[in-house]
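Just below is one structure, and these are the notes that go with it.
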Amino acid sequence: MDYTLDKLSEREKEVLLLITQGNTNKKIGETLGIAESTVETHRKNIKSKLQAKHTTDLFRIAHLNNLF
């Protein structure tokens, strides 16, 4: 896993923060004013860029980067 958030765009960092707050893709889309499918794409790209297999990996990485 890559533990730095440097590879993420600002939008991807926003999505990651909302994921770690327990929001669903639907809620994230509503919050950011984007389609749920766009959130799903961001989630997929985040996991790929961070080499994370599971959502729990995203929580670990976000915590290590003091995102929350």
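Going by the conditions given, is residue 53 of a type in the set (Lys, Arg) and either in contact (Cβ under 8 Å) with a residue 60 or more places away in the chain or surrounded by 12 or more Cβ atoms within 10 Å (Cβ to Cβ) (or both)? Working first, answer last.
Numbers: of a type in the set (Lys, Arg): yes; either in contact (Cβ under 8 Å) with a residue 60 or more places away in the chain or surrounded by 12 or more Cβ atoms within 10 Å (Cβ to Cβ) (or both): no.
The answer is no for residue 53.
With the structure loaded, tell me whether residue 28 is farther than 15 Å from residue 68 by Cα, in contact with a Leu (Cβ under 9 Å, 6 or more places away or on another chain) and without any contact (Cβ under 8 Å) to a residue 24 or more places away in the chain or whether it fails that test.
On the way: farther than 15 Å from residue 68 by Cα: yes; in contact with a Leu (Cβ under 9 Å, 6 or more places away or on another chain): yes; without any contact (Cβ under 8 Å) to a residue 24 or more places away in the chain: yes.
Taking the combined requirement at face value, the residue satisfies it.
Take residue 63 and tell me if it is touching a Lys or Arg at 6+ places or on another chain (Cβ under 9 Å) and loosely packed, with under 13 Cβ neighbours inside 10 Å. I'd like the intermediate steps shown before the answer.
Numbers: touching a Lys or Arg at 6+ places or on another chain (Cβ under 9 Å): no; loosely packed, with under 13 Cβ neighbours inside 10 Å: yes.
Against the criterion (touching a Lys or Arg at 6+ places or on another chain (Cβ under 9 Å) and loosely packed, with under 13 Cβ neighbours inside 10 Å), residue 63 does not qualify.
Out of 30, 10, 36, I need the residue that is under 12 Å from the mean Cα position of the chain (by Cα) and among the acidic types (Asp, Glu). Which one?
10
Quick note: the coordinates plus some simple rules give every number you see, no bench work behind them. Small disclaimer: the values here were computed from a predicted structure and weren't measured. Quick reminder, even Gly has a Cβ in these numbers, built from the backbone with ideal geometry, and neighbours come from all protein chains shown.
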